[in-house]
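Only one structure is covered here, and it is reproduced in the block below.
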Amino acid sequence: MNKTDVLIIGAGPTGLFCAHQLGIIGLTCEIVDNLDKVGGQCIELYPDKPIYDIPAIPECTGEELTNNLLKQIKPFNFNFHLNQRVEELKKVNDRWHVKTNANKEFDVASIVIAGGVGSFEPRKFPVKECEKFEGNSLFYSVKDKTIFKDKTISIFGGGDSALDWAIELSNTSKVNLIHRRDGFSGMEASVQKVKELNDQGKINLYTKYQLDSVVGEDKIDTVKIKHDEGELKEIKSDYILGFFGLIMQLGPILDWGLNINKKQLK
Ligand SMILES: Cc1cc2nc3c(=O)[nH]c(=O)nc-3n(C[C@H](O)[C@H](O)[C@H](O)COP(=O)(O)OP(=O)(O)OC[C@H]3O[C@@H](n4cnc5c(N)ncnc54)[C@H](O)[C@@H]3O)c2cc1C
């Protein structure tokens, strides 16, 4: 059990600046975020976009703002606990016991909820049996690309993440890129690159196809994809990557008995 003064839920700009203010008055804190990185919406949704409305900073990007906030709290050496969502809060005497979905526990005097619009969750495949393979041969983000070396990867999606990873992994793996439409929403330069790699046989492109089902015992062995017009194809695959964007949801925060106007937030 981690014992500290304050637990901050959310490592977005609000949580980071809050940590600074706590440090200034001599309190200790631990910071938890569901994302795999610090910075909240600024780093996840617009790291390169310029921001013009920060006091005394005429212009900076989402990433620069995050880096500066991190620099500001560096002297305090606060700990981050990433990739985990705060699930449970329990009042125990005059303190709070807090638990994350990674089973990390905290014993704190106060909690700051700096959860913004909520935690970011990947939009998932609607196919039921996908759940079984999640985290072992089916992923919604890439944490360690070396596991894909010399394997066959089926990537689903038509935005920047799907295109970028298809291009990147085609250097070391056999890549199938499957998208439910003809057109892509990613950057035009990446779309062109994918088409070139398809012509060179380095990526197999399937448009107007969607995932139909997944076959395998402990790990994925084959994916079945279905064309708009009903044709089914079977593709041998060691891994599946799904990039369908993120959904933001307040999630467990709605269950903590707070006086929140749920209608507005849903
Ligand atoms: C495309 C875009 C452009 C924008 N441009 C601007 C701009 O130019 N200027 C401007 O001022 N604002 C801009 N904004 C708005 C700005 O990004 C937000 O106001 C700001 O990020 C809010 O900061 P925050 O720290 O409160 O919340 P967030 O940035 O939303 O961070 C909250 C964090 O809490 C985490 N979290 C939530 N619940 C849990 C939980 N239960 N457990 C663990 N972690 C949890 C989330 O994962 C998230 O990382 C923009 C927003 C978008 C989407």
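Read the figures in this text as sums done on the coordinates, not as results from a lab. As the structure is a computational prediction, the values presented were derived from the model and not from experiment. Positions of Cβ are backbone-derived with ideal geometry, glycine not excepted, and every protein chain shown enters the neighbour counts.
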**Prompt:** So what is the relative contact order for the range 124-243, in percent, with contacts set as C-alpha pairs under 8 Å and at least six apart?
**Reply:** 32
**Pair Ile25, Asp221: separation of 7 Å Cα→Cβ label points (nm)** = 6.1
**Asked** Taking a threshold of 20 Å on the Cα-Cα distance, which of the pairs Lys143/Lys195; Lys37/Lys174; Lys128/Lys224; Lys74/Lys143 fall above it?
**Response** Lys143/Lys195; Lys37/Lys174; Lys74/Lys143
**Request:** Would you calculate, for the chain, the mean residue ellipticity at 222 nm contributed by helices, counting each DSSP H stretch of 4 or more residues as -39,500 (n - 2.57) and dividing by all residues, to the nearest 500?
**Result:** -6000 deg cm²/dmol
**Prompt:** How large is ³J(HN,Hα), in whole Hz, for each residue of the range 26-41 in order, when computed from phi with the Karplus curve 6.51 cos²θ - 1.76 cosθ + 1.60 and θ = phi - 60°, using x for Gly and Pro?
**Reply:** x, 9, 9, 8, 10, 10, 10, 9, 6, 6, 8, 8, 8, x, x, 4
**Complete:** Scalar couplings 3J(HN,Hα) for the range 193-200 by Karplus 6.51 cos²θ - 1.76 cosθ + 1.60 (θ = phi - 60°), nearest whole Hz, x for Gly and Pro, are 4, 4, 5, 4, 5, 5, 4, 7
**Request:** Give a residue-ordered list of calculated ³J(HN,Hα) values for the range 116-130 (Karplus: 6.51 cos²θ - 1.76 cosθ + 1.60, θ = phi - 60°; whole Hz; x for Gly, Pro).
**Result:** x, 8, x, 8, 8, 10, x, 6, 9, 5, x, 6, 4, 5, 4
**Complete:** In the neighbourhood of Phe125 defined by beta carbon distances under 15 Å, the net charge of the other residues (Lys, Arg +1; Asp, Glu -1) is +2
**Prompt:** Nearest 20 debye, what's the magnitude of the dipole of the chain about its Cα centre given +1 on Lys and Arg Cβ and -1 on Asp and Glu Cβ?
**Reply:** 360
**Message:** Below 8 Å between Cα atoms, with a sequence gap of 6+, how large is the relative contact order for the chain in percent?
**Reply:** 18
**Cut-off under 5 Å, modelled amide H: who pairs with Gly12 long-range** = Gly39, Gly40
**Request:** Any chance you could check the Cα centroid distance between the range 194-211 and the range 125-171 for me, in angstrom?
**Result:** 15
**Complete:** The distance between the Cα centres of the range 231-251 and the range 31-92, in whole Å, is 27
**Message:** Run the Debye formula on the Cα coordinates of the chain, all scatterers equal and no solvent, and tell me log10 I(q)/I(0) at q = 0.09, 0.11, 0.14 1/Å.
**Reply:** -0.53, -0.75, -1.05
**Request:** Mind giving me the nanometre distance, one decimal, between the label points for Asn68 and Asp150, set 7 Å out from Cα along Cα→Cβ?
**Result:** 4.8
**Item:** Angle in degrees between helix 13-24 and the longest Cα principal axis of the chain, rounded to the nearest 10
**Value:** 30
**Request:** Among DSSP beta bridges lying fully in the chain, give the percent that are antiparallel, nearest 5.
**Result:** 50
**Prompt:** Normalized C-alpha radius of gyration of the range 124-243, against 2.2 N^0.38 Å?
**Reply:** 0.97
**Asked** Loop-only check: which trypsin sites (Lys or Arg not before Pro) in the range 66-162 are DSSP coil with at most 15 other Cβ within 10 angstrom?
**Response** Lys104, Arg123, Lys124, Lys128, Lys143, Lys149, Lys151
**Request:** For the range 21-118, run through the GluC sites (Glu not before Pro) and keep only the ones in DSSP coil with at most 10 other Cβ atoms within 10 Å of their Cβ.
**Result:** Glu59
